[in-house]
Structures are given as structure tokens and as C-alpha cells.
1. In a solvent-free Debye calculation with one equal scatterer on each Cα, what is log10 I(q)/I(0) for region 399-483 at q = 0.22, 0.25 Å⁻¹, listed in the order of the q values?
2. Show that you can apply the helix-only estimate: for the chain, add -39,500 (n - 2.57) for every DSSP H stretch of four or more residues, divide by all residues, and state [θ] at 222 nm to the nearest 500.
3. Over region 130-277, what percent of the accessible surface lies on carbon and sulfur atoms, probe 1.4 Å?
4. Roughly how much of Arg402 is accessible, in Å² to the nearest 10, using a 1.4 Å probe?
5. List the extent of the Cα atoms of region 135-217 along each of their three principal axes, largest first, rounded to whole Å.
6. Cross-link partners among lysines for Lys113, C-alpha distance below 29 Å, same-chain residues fewer than 8 apart left out?
7. Packing-wise, with mean Cβ within 10 Å as the measure, how do 68-81, 463-476 rank, highest first?
8. Suppose all protein chains stay in the model; what accessible area per residue would a 1.4 Å probe give for the chain, in Å²?
Amino acid sequence: MAWRPVHELAASGASRREIAELFVERAARLDGRVHAFLTQTPERALEAAERADRAGGGRPSPWAGLPVALKDNLVTRGLRTTCASRMLADWVPPYTATAVERLEAAGLGCLGKTNLDEFAMGSSTEHSAFGPTRNPVDLERVPGGSSGGSAAAVAAAMAPWALGSDTGGSIRQPAAYCGVVGLKPSYGRVSRYGLVAFASSLDQIGPITRDVRDAAILLGLIAGHDPRDATSAERPVPDYLERLEEGVRGLRVGLPREYFGEGVAPEVREAVLGAARALEREGARVEETELPSTRYALAAYYVVAPAEASANLARYDGVRYGFRAAGATSYADLYDRTRQKGFGAEVRRRIMLGTYALSAGYYDQYYLKAQQVRTLIRREFGEAFRRFDLLLTPTAPTAAFRLGEVSDPLTMYMNDICTIPANLAGLPAISLPCGSAGGLPVGAQLMAAPFEEALLLRAARALEAALSLQPWRPAAELEEVAP
């Protein structure tokens, strides 16, 4: 039963208490092997379930009483929010993120806070101050990052669905590595209020689920304008389920050559081309196309994102809140010691990169140039979406790699090469399973024009149905201890 998507669980006839207990028990039993959660909150999940059972037909939504896991960079009032960093190890926020408030208003209960790369900076969930998360499909491999904890929790059926955040692929890449569905909405579709900022012009909150229908449901619950986030869009939220089953007949799908070239594993390429053929069989018109500025996206991203991170993380100084190093002899010494000991190596690396890019004499040479490239990328996507309804690419160039296998930062950054362009352009994009490589999941990525999530989900649902893949199951050693 734990393997069923949420829309089937809700219609199963089981009480919400029974459903919540199922996931609470699995998380308690399995997470010692996976380490998807930094904090488990079974009492919150069970209280919400009991409220929904008591309410009966008066529930605030059809999904009331169902549990949800939250990435631990979404602030939650009265519940610690660590960002997987020593800097915030004991921080208990006084307020709650808008996306989480909306889930609570719909009656959902928090099952726990999930692991991530520190401050969402990473592609493997190995850069957590509290230890790495393991991929449930193969426990010797990474789950991707930075939302690796959320993806692993859903993949191991320790949570029926989860929220993650995506700055350069942090929802889609772990979804691909773990064999589940991950959706990054358009920039502005979901409020960022209460999401601990990494790179404010790129960050987005989105769902990680077992299937596309669940992604449509969860997006519908969290989307919409929020006056507390000046970047959230004042656009109506459509019913993402209304046209979900209408298929792809007549839609135009582009295959950008730049996403299938050097560095993409042959098995990954073949799995995604198989997805393209499946869309053709369903009536879509599929053609190759070009997005030449894609080759500059990775370099532009690793100027823009660290520059914004260096500004956003300046607030962690050991004075106002969070970790404070002992033994300082002056304010400058306190600042230096706190940041040296409070931040991990990857966060310090990105702060230094960003500070350098913004420093006098280099601003025009690096940051301004990166923003100009970003404009070119956005224009190219705009032109592409005049010819195509959707673009299809691999989500990641390879399947999940082994824990500890990638130690070079540049090689690690290359894992985001297929996902970063959508963040730079503010596009919605979804990853869903499309095959395997070496016995591991492979994800296909669909991208659409800004605020075309309904079309994106409709095409993803059609592809999911056409492929009819069996859900990925956890490694045998996890199944042995599963209830």
C-alpha cells in the first residue's frame, strides 16, 4: 500500500490514521539505512490524520490528513530548520513558509524535515553537516541533490510525497536518480517566503512525488500569489487536473541537440530518445532543434548563483542568531571564526566565488557578463517556444554515481548541465522516469514556456502512460526490513 500514489491512497477506503501510521512506521524502520530525514515528526503527521478522520466530510481538502515530508530549508514555526548546516543546527523559526502554511491549511501533516546539501548547495546530498543520504535504489550511490532527502524519502515509500527546492536542478536531478517525479515550477508560481535563500533569482519550491498526477495535485495546493513575496506572480492558478489526461496529439516537441552531445552517457541518451519515440506514437510531432547558448549556461550559473549566495549568507555572522564560535577576541574575529566553523567547505567555496565575482574591478567582467548570457539563454528559449510547445532532454547526463566517487567540484557541477538552463530562464520543468542505465533510474526532462505548468503536466502524464514503466523499488536490503 505504501507504494501507491497519494490519489490512490486517498481513495483506498483506509482511514487517514491508518495511512499516516504506515509511513510513520516505515520512516522509523528504514531511515537508519537511508538517512533521508534530519527530523522526524510522527506526532504532527498523526495529529493531522486524526483531525481529518474526526472531520469526515468536513475536511478542508480531499488530501487532509495525509502526511508530507518537507525539505529542511523550508522554515517551520516551532520546528527546527537546519539547512543541513552547523550554522543553523539548533535554529527554531518563529514563522512558517507560505508553501507549508498552504499545505497545513489543506489539512496535511508534516512527517518530518528532509536532508539536503548544506544550504541547498550540491548535487549529491553528500555535503550535509549531518551526513549523506543514500539512494534507496542502490544504497552505495547518491540520491542526487540538493533535495536528495525528499527524493529518497518518496523513493523508499517513507513519505507519499514531499516538497523540495530547485535552484539549478535540485528537485529534478534527485528525482531522476531515485526514479520518482520532480517538478520545478515557473519562477514566481510558488511563493518563496520562508524558503531559506540560496540564490534569490533562481530558487523555487516544488513537489517530488510517485507519479505525475500527484505532482499536479501538490502543485495546485502550494501555487499562487503571496503578498509577502514580491517576486510571486499575480496570475490565476489553473486546475492542473482538469486537462491532465488529454494527451499530446498535435503538440510540437523539440529535441535540443546540445543536451544529447558530449558527456551524456549512451544509455541515458537512448532512454530519452525512447521517450521521444513514445511521444511520437501518441501523436506529438518531434523534431531536433538547437539552443546554441546552452554551452554557456553552466558558467553563467556558477557566477550568478554564488554571487547571490554570498550576499544572502552574509547574515550568518554569529551575532543575531544561529551558531556562534567561542573564544573570539573581537567582532572581526567572531565573524571569521563563526563562518569558518559554521559553514562547510562547499558553502565557503561558493561564498568566495561569489564575493570575487562581485568585487570591484571584476563585477563587469564576471557578474555583468553572466547576466548578459542569461538574457541570451532566455531569448533563445522564447524563440524555441514560438516553434515548439515543449522541449525534451535528459534530466542528468548520467545515472546516480557512487558515494564519494566525485570529489572534484567542477565534475560535480557538470551533473546540473541539463537542468540549469530552466532556472536561468525561469521556466517550468519536470523530470519523470523513462528507463534505466546500468540497472539505475534515468529521468527525462520536459520544459515548457513560463506558467505553462498545465501543458507540461499533461505531456508528462501522457509520456508516463505511454511508457508504462514499473515503479522503481528500493534495494533488496531495504525491502528485507520493510513492513
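The values are calculated or read from the model by the stated rules, or taken from the named source; none is laboratory data. Everything numeric here is computed off the predicted structure, so don't read it as measured data. We place every Cβ from the backbone using ideal geometry, glycine too, and count neighbours over all the protein chains shown. Accessible surface areas use protein heavy atoms only, side chains included; no ligands, DNA or RNA. Shrake-Rupley method; radii C 1.70, N 1.55, O 1.52, S 1.80 Å.
1. Computed log10 I(q)/I(0) values: -1.12, -1.19.
2. Numbers: 16 runs with 179 residues, N = 483.
Per the formula, -11500 deg cm²/dmol.
3. On the way: 1990 of 4150 Å².
Solvent-exposed carbon and sulfur of region 130-277 make up 48 percent of the total.
4. 110 Å²
5. For region 135-217, the Cα extents along the three principal axes come out at 34, 26, 18 Å.
6. Once the sequence-local lysines are set aside, what remains near Lys113 is Lys71, Lys184, Lys341.
7. Values: 68-81: 23.9, 463-476: 15.8.
Most protected by this proxy first, the peptides run 68-81, 463-476.
8. On the way: 17820 Å² over 483 residues.
Per-residue value: 37 Å².
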